[in-house]
1. How much net charge surrounds Gly147 when only other residues with a Cβ under 12 Å from its Cβ are counted (Lys, Arg +1; Asp, Glu -1)?
2. Tell me the Kirkwood hydrodynamic radius of the stretch 179-244 in angstroms, computed as one over the mean inverse distance between distinct C-alpha pairs.
3. Given a Förster distance of 51 angstrom, what is the FRET efficiency for Gln185 paired with Glu22, based on the Cβ-Cβ distance and rounded to 0.05?
4. According to the square roots a ≥ b ≥ c of the eigenvalues of the Cα gyration tensor, what is the shape class of the stretch 93-169, taking rounded for a/c under 1.5, prolate for a/b larger than b/c otherwise, and oblate for the remainder?
5. On the full set of protein chains, 1.4 Å probe, figure out the accessible area of Glu40 and give it in Å² to the nearest 10.
6. Could you state the number of Å between the C-alpha centres of the stretch 165-230 and the stretch 31-55?
7. May I have the count of lysine pairs in the chain with C-alpha atoms under 18 Å apart, counting pairs 8 or more residues apart or located on different chains?
8. Tell me, what is the FRET efficiency for Glu82 and Ile149 to the nearest 0.05, using R0 = 25 angstrom and their Cβ-Cβ distance as r?
Amino acid sequence: MELLFAPLFSGSSGNSIYVGTEDEAVIVDAGVSASAIISEMGRAGLSPASVKALLVTHEHTDHINGAGALARKLGVPVYATEGTWEGMSRRAGKLADSQKVRIERGSDFYIGRINVLPFPIPHDCRMPCGYTFAIGNVKVSVATDIGCIKAGWTDAVTGSDLVLLESNYDPDMLMAGPYPYELKQRILGRRGHLSNEDAGAAAVLLVNTGTRALILGHLSKENNFPELALETSRGVLAENDIRAGQDVYLSYARREGLSGVYRVSDTLGVERVI
Ligand SMILES: [Zn+2]
Ligand SMILES: [Zn+2]
């Protein structure tokens, strides 16, 4: 059993991730244009024909910008919570009723052979969720746009082989940076985003429960650097006797395009294939 995991875009300028097998997959979020997503899939050697559904985490623009267009282009249904549908219906444009699927956080479902569990996350919108994906013993998770570490989501993600984990900002850069006071408070708040230190703490928790690969994602353009995010997590892991690169694979997801294609299998573990 295996799953492919490919972050196509990650960050406040747009998010989109491919998860699945070579012939049965989903796209999580479409925060950039449909054509950009399809083009990055092409670079990754992934076929649009394999995509069976678009799963949305929440209604913020960086997650839904191209959602309606992508669903129409691929002719696939869009899965989102009731609250997210309320927040994004207008933006998504015209979709057939059969393309609008309502899901509930905490209730799992199947896309082909892939078991999908949407789980609640603390974030400042109506009804946001992260997702876990499992096939056989293989499990991967998308955990971004999260205000704080909380059992509600860490419990769901626990046991994942690979996690795309938010590492949004460096607190010093955020405070010294150009954002208005209210926005800084929103990001720092318990329904905002995870800092690099938070990501490190979550990383320790996850590695201790079996996670073998962590991809830091949703890095802020203004308030973070990839090397700083990696260094902070490496440091927190080291304080807990976990060696990044040996005990756990640690990388980051790029903002502008494909970060790589990861193959997660129950026999070979996690390997980067592209
Ligand atoms: Zn976001
Ligand atoms: Zn958000």
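The values are calculated or read from the model by the stated rules, or taken from the named source; none is laboratory data. None of the values given here were measured: they were computed from a predicted structure. Cβ coordinates were reconstructed from backbone atoms using ideal geometry, including for glycine residues, and neighbour counts include every protein chain displayed. Just the protein is used for accessible areas: all its heavy atoms, side chains included, with ligands, DNA and RNA removed. Shrake-Rupley method; radii C 1.70, N 1.55, O 1.52, S 1.80 Å.
1. Net local charge, Gly147 excluded: 0.
2. 12.7 Å
3. Taking R0 as 51 Å, the efficiency between Gln185 and Glu22 is 0.70.
4. Taking the square roots of the gyration eigenvalues as a ≥ b ≥ c, the stretch 93-169 is oblate.
5. Rounded to the nearest 10, that gives 20 Å².
6. Result: 26 Å between the Cα centres.
7. 5
8. FRET efficiency, Glu82 to Ile149: 0.45.
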